[in-house]
1. For the range 106-123, check the following and say yes or no: at least one residue is among the charged types (D, E, K, R), on the phi > 0 side of the Ramachandran plot and in contact with a helix residue (DSSP H, G or I) (Cβ under 9 Å, 6 or more places away or on another chain).
2. Residues of the range 13-31 being under 23 Å from A232 (Cβ atoms) and at pLDDT below 90, which ones?
3. Name the residues in the range 1-18 that are exposed (fewer than 14 other Cβ atoms within 10 Å of the Cβ) and free of Cβ contacts under 8 Å to residues at least 40 places away in the same chain, would you?
4. So, in the range 131-159, how many residues would count as being without any contact (Cβ under 8 Å) to a residue 24 or more places away in the chain, basic (K, R) and loosely packed, with under 11 Cβ neighbours inside 10 Å?
5. Of the numbered conditions (1) of a type in the set (F, W, Y); (2) under 14 Å from the mean Cα position of the chain (by Cα); (3) surrounded by fewer than 16 Cβ atoms within 10 Å (Cβ to Cβ), F117 fails exactly one; give the number of that condition.
6. Looking only at residues in the range 72-102 that are within 19 Å of W9 (Cβ to Cβ) and β-branched (V, I, T), which one is surrounded by the fewest Cβ atoms within 10 Å (Cβ to Cβ)?
7. For the range 196-221, which residues satisfy the criterion of being within 20 Å of L96 (Cα to Cα), touching a residue at least 40 places away in the same chain (Cβ under 8 Å) and surrounded by fewer than 18 Cβ atoms within 10 Å (Cβ to Cβ)?
8. Being open to solvent by 30 Å² or more (accessible area, probe 1.4 Å) and without any contact (Cβ under 8 Å) to a residue 24 or more places away in the chain narrows it down to one residue among G128, G173; which is it?
Amino acid sequence: MIGNSRLHWGYFRGQTLLACLDTPHLREPPSNEFLQQIFPKLLTNKCNCELVVASVVPSQKELWANYDNLRIITLKDIPLLDLYPTFGIDRALAVLGAGKKYGFPCLVIDAGTALTFTGVDGDKKLVGGAILPGLKVQLASLRERTAALPEVSLSERLPKMWAKETAEGIRSGIIYTILAGIEKFSQEWLNLYPESRIILTGGDGDLIRDYCQENAIKSLLVDKTIIFEGIAAVIRGNLLLFN
């Protein structure tokens, strides 16, 4: 999965996910031996593995154009209803994977470069969702767009809500408003679908889960693999396309 900030890799043998990891975006087209560099412990000989790619970054996807044994997943391959043309393939695959693993209906909160909410009902139909800047994007925007505010890093513990210095005030403002949004969307979703699972994923998923638990938001399940489960579900449902 080519995300906005990184490449997310999953290695399947049959229907079993054996490994997953993240790497930076590519700067040049990869060689046909590239996968052996990504998974050296799993691929020690010349590999004829099929590479399945989905992307939200067109320029990164173009780098794979001449890679052997390549398949590209697009939105038309996703077996969900009412997806609109500009719907993110990453969101579609994550909520498909969550539904396949935990059952529909489900709500996925993806805490990556963007923080997204994506809900699908029991008929595998998109209910809707929302998009806002992720934690690190919000921090970076304040640093880059203001003259006096400092660069701020995130801590593992919740900051004080009523801060008495600038860096802590930035942490408080961003984290508590994100948590309020997560709580609001989660509660509204559970009002519609009381038995639904709410799955938190993405690079900041563990951190936000910890913040939520400290803030008494208990309904979230963290799973970093659901996007790979979505890719696997597409492949299983379109076997003729991948022979």
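The values are calculated or read from the model by the stated rules, or taken from the named source; none is laboratory data. Since the structure is predicted, the reported quantities are computational estimates derived from the model, not experimental observations. We place every Cβ from the backbone using ideal geometry, glycine too, and count neighbours over all the protein chains shown. Areas reflect the complete protein model, heavy atoms only, side chains present, ligands, DNA and RNA absent. Shrake-Rupley method; radii C 1.70, N 1.55, O 1.52, S 1.80 Å.
1. Residues of the range 106-123 that are among the charged types (D, E, K, R), as a first pass: 110, 121, 123.
From what's left, on the phi > 0 side of the Ramachandran plot: none.
Taking every residue of the range 106-123 in turn, none turns out to be among the charged types (D, E, K, R), on the phi > 0 side of the Ramachandran plot and in contact with a helix residue (DSSP H, G or I) (Cβ under 9 Å, 6 or more places away or on another chain).
2. Once the filter is applied, which keeps residues that are under 23 Å from A232 (Cβ atoms) and at pLDDT below 90, the range 13-31 yields R13, G14, Q15, T16, P30.
3. Going through the range 1-18, the residues exposed (fewer than 14 other Cβ atoms within 10 Å of the Cβ) turn out to be 13-16, 18.
If the condition is that a residue be exposed (fewer than 14 other Cβ atoms within 10 Å of the Cβ) and free of Cβ contacts under 8 Å to residues at least 40 places away in the same chain, then R13, G14, T16, L18 are the ones that fit.
4. Step one: list which residues in the range 131-159 are without any contact (Cβ under 8 Å) to a residue 24 or more places away in the chain, which gives 131, 133, 140-141, 143-153, 155, 159.
Keeping just the survivors that are basic (K, R) gives 143, 145.
Filter once more, so that each one left must be loosely packed, with under 11 Cβ neighbours inside 10 Å: 145.
Selection size over the range 131-159: 1.
5. Answer for F117: the failing condition is (3).
6. I72
7. Correct list: L221 only.
8. Numbers: G128 fails: open to solvent by 30 Å² or more (accessible area, probe 1.4 Å).
Among G128, G173, only G173 is open to solvent by 30 Å² or more (accessible area, probe 1.4 Å) and without any contact (Cβ under 8 Å) to a residue 24 or more places away in the chain.
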